[in-house]
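One structure is given below, encoded as structure tokens.
The values are calculated or read from the model by the stated rules, or taken from the named source; none is laboratory data. Computed from a predicted model, the values in this text were never measured in an experiment. All Cβ positions, glycine included, derive from the backbone under ideal geometry; neighbour counts span all protein chains shown. Each accessible area value is taken on the protein alone, full model and side chains, heavy atoms only, with ligands, DNA and RNA left out. Shrake-Rupley method; radii C 1.70, N 1.55, O 1.52, S 1.80 Å.
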Amino acid sequence: MSNQQDAIIKVKNLKKVYTIGSERVIALAGIDMTIKRGEICCLFGPSGSGKSTLLNMLAGLEKPTTGQISINNARIDKMNEKQLANFRRTNFGFVFQSYNLLPALTALENVEMPMIFRGVSHELRRKQALKMLQYVGLKDRVKHRPTQMSGGQQQRVGIARAFVAHPPVIFADEPTGNLDTHTTYEVMDMMSKMVKERNSTMIIVTHDNEIAEYGDHIIKIRDGKILEESWRDEATAT
Ligand code: ADP
Ligand code: MG
């Protein structure tokens, strides 16, 4: 029996209003949604629709104006900064559009970073990071720094870093936004495969139809609201 059917993320009446001077921007206008463990969930919509805002709330990077977010049965909207930082460290992996690798560090050192924060021993860190870099096909690039690698290679380092500590939830905001079509599929195949192997959960923000194809669960966002939600057959089969 798989435990694929239990909800890992629950969101209730989530709103986010930004105030700039006297102007109010309603970035999220009341979102209700549930994401199941093991799911690849795509937040899909045009630029400015509120996708990144939603992802940032789910990932505990920004506070909602109102509403509830529970992840793994923890109410992250109620946590203080310190609790949140700790929760993110143990539960989340991140893949960014612009890779966000540390430029002074080698590929290997970049992949080791999340494990440093988790207090993993030097030896084990090295071993795990090497294994991940091998997995993403960069065994011969471990000593390269970000500027010495292509965009696709840098994003594969980013993926290795996101998955290395086995977080239950991976967040990816337009992870292939800077990549060519061929590399986009490579990167998406790699992430999807890893999520499925580990029964982890991935939330991907995209405005790209081809990326949304990877989703088990697609949430269309428009003007800070859910326009439509759909599930691929495999994900809903019970
Ligand atoms: P998307 O990721 O779908 O392109 P965003 O979530 O980045 O959209 O933005 C949604 C809306 O919220 C946009 O109108 C944007 O201008 C606004 N917004 C996002 N972040 C901020 C911010 N920090 N301050 C003010 N407005 C913001
Ligand atoms: Mg965005």
_Residues (outside any helix (DSSP H, G or I) and among the charged types (D, E, K, R)) located in the range 184-218_ = ASP208, GLU213, ASP216
*Looking at the range 36-48, is at least one residue open to solvent by 20 Å² or more (accessible area, probe 1.4 Å), within 22 Å of PRO175 (Cα to Cα), modelled with pLDDT of 95 or more and more than 16 Å from ligand 2 (Cβ to nearest atom)?*
yes
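Quick grid of which residues meet (1) aromatic (Phe, Trp, Tyr); (2) under 22 Å from ASN199 (Cβ atoms); (3) open to solvent by 70 Å² or more (accessible area, probe 1.4 Å):
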| site | (1), (2), (3) |
| --- | --- |
| PHE92 | yes, yes, no |
| TYR99 | yes, no, no |
| ASN110 | no, no, no |
| MET115 | no, yes, no |
| ARG118 | no, yes, yes |
| HIS122 | no, no, yes |
| LYS127 | no, no, yes |
| LYS131 | no, yes, yes |
_Options ILE221, ILE170; residue that is in a strand (DSSP E or B), away from ligand 1 (no atom under 15 Å from the Cβ) and in contact (Cβ under 8 Å) with a residue 24 or more places away in the chain_ = ILE170
_Out of everything in the range 187-238 that is of a type in the set (A, V, I, L, M, F, W, C) and closer than 21 Å to TYR135 by Cβ, what residue ends up being most open to solvent (accessible area, probe 1.4 Å)?_
MET190
*Given the residues SER22, SER52, which is the only one that is over 30 Å from GLU228 (Cα atoms) and within 16 Å of ligand 1 (Cβ to nearest atom)?*
SER22
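Kindly provide the set of residues from the range 173-183 that are part of a loop (DSSP other than H, G, I, E, B), of a type in the set (D, E, K, R) and touching a residue at least 40 places away in the same chain (Cβ under 8 Å), ordered by number.
So in the range 173-183, the residues part of a loop (DSSP other than H, G, I, E, B) come out as 174-180.
Going one step further and asking which of them are of a type in the set (D, E, K, R), we end up with 174, 180.
Matches in the range 173-183: GLU174 only.
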*For the range 149-171, indicate whether the set of residues that are surrounded by fewer than 19 Cβ atoms within 10 Å (Cβ to Cβ), more than 30 Å from LYS10 (Cα to Cα) and touching a Lys or Arg at 6+ places or on another chain (Cβ under 8 Å) is non-empty.*
yes
*Return the pairs, sorted by first residue and then second, in which the second residue is among the basic types (Lys, Arg), the first residue lies in the range 114-127 and is assigned to a helix (DSSP H, G or I), the beta carbons are less than 6 Å apart, and the residues are 6+ apart or on different chains.*
MET115/ARG125; PHE117/ARG89
*Determine whether LYS15 is part of a loop (DSSP other than H, G, I, E, B), among the basic types (Lys, Arg), away from ligand 2 (no atom under 16 Å from the Cβ) and farther than 27 Å from ASP233 by Cα.*
no
*asked:* Kindly evaluate THR65 against the criterion of being out of contact with any helix residue (DSSP H, G or I) (no Cβ under 7 Å at 6 or more places or on another chain) and away from ligand 1 (no atom under 15 Å from the Cβ).
replied: no
